[in-house]
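Nothing in this text is a laboratory measurement; each read-out follows from the coordinates by a stated rule. Keep in mind that what you see is a predicted model, and the values were worked out from it rather than measured. Glycine gets a Cβ as well: all are built from the backbone with ideal geometry, and neighbour counts include every protein chain shown.
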Amino acid sequence: MTRLPTFTSHLECSATGAHCPADTLQGLSAAGKPLLVRYDLAGAAHALTREKLAGRPEGGFWRYRELLPVRRDENVVSLGEVTTPLVELAALARAAGARRLTVKDEGRLPTGSFKARGLALAVSMAKELGVTRMAMPTNGNAGAALAAYAARAGIEAFVFCPADTPEINVREIALAGAHVTLVDGLINDCGRRVAEGRERMGWFDVSTLKEPYRIEGKKTMGYELAEQLGWRLPDVIFYPTGGGTGLIGMWKAFAEMEALGWIDSRRPRMVAVQAAGCAPIVRAWQAGAEHAEPWKDAHTFAAGIRVPGAIGDFLILRAVRESRGFAIAVEDGEIARALAEVARREGLLLCPEGAATYAAWKAALATGQVGAQETALLFNCASGLKYPLPPALTAG
Ligand SMILES: *Cc1c(COP(=O)(O)O)cnc(C)c1O
């Protein structure tokens, strides 16, 4: 028997724990909740050790192959993923009297955002399971990543974005040959369009957390971070939270790594950062609620986190609470000032969502929600060059 490179065992409902098979195409669980991929972690621990991993060449998240769901190598769809760098913000940390502030710069990935992690996995799985058409609602970056990986896999892609999605995203989606439709509304309205067309058009719906594979790509941020830091995680992680896939994914990765014997039981405090104009998770966290009510009249120029309602809300809130973290909202004005400050002082151009994490860190440091002695890690999830920049005359 040839051994497969993955240790996938089954899929599990994130709400009820019910199992379903891993090698047929799946969307939501029978209970209508996100499905999570589970692995034979004891088996994987024998096959892949930290030492063995250290001997692998660089080259991004496919190095965690055993802990990803793709069964056959020929189905891996890749665009040259890289291990994203950790960039120290030493001057800004010093100015704030803080010990260490680091950015994980995800803007270096194919299509210029960390959506590449999730869509590389989702498209690879779609290829493996014989899908010919995929569809999703998006605020831009996810659609761009879907369009690119689907083009490479020979899969037809249908993308629905709000009419005010950053133009560069709409154009790159179209250039990659995907069918792109602008919708007068928000991402949840786009999601409705996908749901309506799904059966008639034969689409595999790759909406955030409505299929189990994108989160497996996003979880690799947790693996990569741990490995880069010598298997010692930072004290606190600030994550710009829309659908929350990355936050939930990293939380899953930490549990897997502990079971593999790669890290101990210490965890970073997880901080969900949202824009004040769209902060359903912050409101739910403050209220002590298990689920988040949809946010009305959502607005922020940080498009990636303009998500009025997330299907994985309870999983985001659970990770934030279990980690003794918190949720925090920042105004658009603070985000713009943060973006300019980091560019000027550190030479690092963040995307607005990434800048929101810096604004949130500063605010949390001022209120004592985060201590100066805590090592803090910010996620910059896309290249700042994918967004309209302020005019040169008024910058800074
Ligand atoms: C999608 C996106 C986010 C939000 O990520 P989730 O894991 O879905 O919460 C943040 N920033 C950028 C740039 C994005 O594209």
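Some notes on this structure:
- All alpha carbon pair distances within segment 284-396 were sorted into 10 Å bins beginning at 0; the resulting P(r) in whole percents reads 13, 39, 35, 12, 1.
- Kirkwood estimate for segment 1-66, i.e. one over the average of 1/r between Cα atoms, Å: 13.6
- Charge context of residue 176, other residues only, Cβ under 14 angstrom, K/R +1, D/E -1: +1
- Rh by Kirkwood over Cα pairs, then Stokes-Einstein D for segment 126-278 at 0.890 mPa s and 25 °C, µm²/s: 145
- Net charge over other residues, Cβ less than 14 angstrom from the Cβ of residue 42 (K, R count +1; D, E count -1): -3
- Computed over every Cα-Cα pair of segment 32-103 and binned at 5 Å starting from 0, the pair-distance distribution P(r) comes out as 3, 11, 15, 15, 15, 12, 11, 9, 6, 2, 0 percent.
- Springs join every pair of Cα atoms under 10 Å in this Gaussian network model of the chain, and among 312, 217, 177 the largest mean-square fluctuation is at 177.
- Taking the chain as a Gaussian network of alpha-carbon nodes connected by springs under 10 Å, the highest mean-square fluctuation of the residues 349, 317, 129 belongs to 129.
- Exposed-site-free run, longest, the chain (rule: trypsin sites (Lys or Arg not before Pro); DSSP loop; at most 15 other C-beta within 10 Å): 100-231
- 10 Å binning of all Cα-Cα separations within the chain, expressed as whole percents from 0 upward: 5, 25, 36, 26, 8, 1, 0
- Computed helical MRE - 222 nm, the chain, DSSP H runs ≥ 4 contributing -39500 (n - 2.57), nearest 500: -11000 deg cm²/dmol
- Taken along the Cα-to-beta-carbon direction at a fixed 7 Å, the label points for residue 19 and residue 42 span 1.3 nm.
- Simple label model, 7 Å out from Cα along Cβ direction - residue 392 to residue 179, nm: 4.3
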